[in-house]
Amino acid sequence: MLRETIEKSGLADINDKVANNERLTREDGLRLYAATDLNVLGYMANRVRERRNGQKAFFVRNQHINYTNVCNKGCKFCAFYVLPGADDAYTLSPDQVRQRVRDWLKEPITEIHMVAGINPRLPYDYYLDILRAVKEIRPTVGIKAFTMIEMVEIQRVARKPIEEVLEDLKDAGLDSVPGGGVEVLSDRVHEELFRLKLSPAGWLDMARKVHMAGLKSNATLLYGHIETPEERVDHFLRLRELQDETGGFLAFIPLAFHPDNTEMDNLPSTTGFEDLRQIAVSRLLLDNFPHIKSFWIMISPPVSQVSLWYGADDVDGTILREEITHSAGATTPQALTRNGLVEMIREAGRIPVERDPLYQEVSHAA
Ligand code: V47
């Protein structure tokens, strides 16, 4: 019966490769995007997921701090940024960052996710000071901060080699690096949507340097706008190649485009079908990534729950106050409780495992 379904989907040869743990090709990737039997994609992706992570589904207790909304990059998909000098511009001082951390001190948070726009007026010391501010209030928390885009800006104001900058950031408290800012590794999409930002080759180069400095990072793909299936597949192949070289990526997170309040608000939101297909194809093509995260903020808690059978092994976390996707019209809650996450994972028949930013187990949810 199962064999018959797989034959009918036209993916039997790919299924054989997955069963034999063979690497998929660009052509295979394109066929995965053309396939319509989502359950066959899920079946194959789940096989890879269980091989790597068994029945575990990870989550983290985390807090997001977006230290400034000022940005000079003008990305067409972003509803969060304002131009320098705008009325509603804000930049948190190190004291305000301290206060944000203090606000949630009662919660046993193990990860602080700190990213923001590119505010060209911020001096080098600012970045070091906000890392220190977090660690001053929560010395044991893991700080996951500064995308590759911010790294380039920090180096610009530091006026010294990136290797030294990364050492300074680590000394000030940086523990790992988030996966945002890459969007789509395509020169065409870069030119059309985010041409003032680091190029695809530049992003990969900075990720390589971050990994060489001993820091782990994540990677993302912003999907559901103007990118083609070919561009998505090439994105995966370029990430996979770098991961073969450095082994520095921890998790991959597909990010569903939210159009509201952006320059592309004429586009529809992604569908549940597309979100699940994206998770499954990510798991199948990124065979050397330890984790695939379904970010419930972007695809909703229900789709995120189902995705635990379509390749995902991580649902991110409690996320105290998400701002970037909510500026672009996300209607999901801005936070979930730990019990809410545990229940969601349990109901899906997976084992909830609380992790820290480096996927060390904090404690098994009983
Ligand atoms: O880089 C911006 C994306 C990213 C929109 O590493 C949008 O663990 C959808 O990278 N619709 C930031 N997406 C978020 C991010 C992230 C999130 C969760 C976990 C991790 C991690 C990283 O958000 C940006 C951009 O790609 N974004 N605008 C929008 N309208």
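The values are calculated or read from the model by the stated rules, or taken from the named source; none is laboratory data. These numbers were taken from a predicted model, which means no experiment stands behind them. Here Cβ is always computed from backbone atoms with ideal geometry, including for glycine, and neighbour counts include all displayed protein chains. These area figures cover heavy atoms from the full protein model, side chains too; ligands, DNA and RNA do not enter into them. Shrake-Rupley method; radii C 1.70, N 1.55, O 1.52, S 1.80 Å.
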Original post:
Given the rule -39500 (n - 2.57) for each run of at least 4 DSSP H residues, summed and divided by the residues of the chain, what is its mean residue ellipticity at 222 nm, to the nearest 500 deg cm²/dmol?
Top reply: -13500 deg cm²/dmol
Subject >> Cα centroid of the stretch 26-63 to Cα centroid of the stretch 244-268, whole Å >> reply: 17
Original post:
Once the principal axes of the Cα atoms of the stretch 37-364 are found, what is the range along each, listed largest first in whole angstroms?
Top reply: 51, 45, 39
Original post:
Given +1 on the Cβ of Lys and Arg, -1 on the Cβ of Asp and Glu, and no further charges, what dipole in debye does the chain carry about its Cα centre, rounded to the nearest 20?
Top reply: 660
**OP:** Kindly report, to the nearest 10 Å², the accessible surface of residue 78 as traced by a 1.4 Å probe over protein heavy atoms only.
**Re:** 30
**OP:** State the answer as a single residue: which of 315, 279, 83 lies farthest towards the positive end of the charge dipole of the chain, with beta carbon charges of +1 for Lys and Arg and -1 for Asp and Glu, about the Cα centre.
**Re:** 315
Original post:
If you take the charge dipole of the chain about its Cα centre, with +1 on Lys and Arg Cβ and -1 on Asp and Glu Cβ, which of 291, 104, 158 is farthest toward its positive end?
Top reply: 104
Original post:
Say the cut-off is 25 Å between C-alpha atoms; which of 56/216; 106/144; 56/144; 144/209; 144/197; 56/170 go over it?
Top reply: 56/170
Original post:
Restricting the count to DSSP beta bridges whose residues both fall in the chain, what percent are antiparallel, rounded to a multiple of 5?
Top reply: 10
**OP:** Give me the accessible area of residue 223, 1.4 Å probe, in Å² rounded to the nearest 10.
**Re:** 0
**OP:** On a 0 to 90° scale, report how tilted helix 94-103 is relative to the longest principal axis of the chain, with both axes built from alpha carbons and the result rounded to the nearest 10.
**Re:** 50
Subject >> Helix 229-246 vs. the chain, principal-axis angle (Cα, 0 to 90°, nearest 10) >> reply: 70
**OP:** Tell me, for the chain, which Cys residues have no other cysteine's C-beta sitting closer than 4.7 Å.
**Re:** 71
Original post:
Within straight cross-link reach of residue 8, meaning Cα distance under 29 Å, which lysines are found once same-chain residues fewer than 8 apart are removed?
Top reply: 17
Subject >> Crossing angle, helix 38-53 versus the chain [Cα axis fit, 0-90 degrees, rounded to tens] >> reply: 60
Original post:
Taking residue 135 as the anchor, which aspartates and glutamates have their alpha carbon closer than 13 Å to its alpha carbon, excluding any fewer than eight residues away along the same chain?
Top reply: 95, 111, 171, 175
**OP:** Using a 1.4 angstrom probe on the protein heavy atoms only, line up 28, 260, 234 by accessible area, largest first.
**Re:** 260, 234, 28
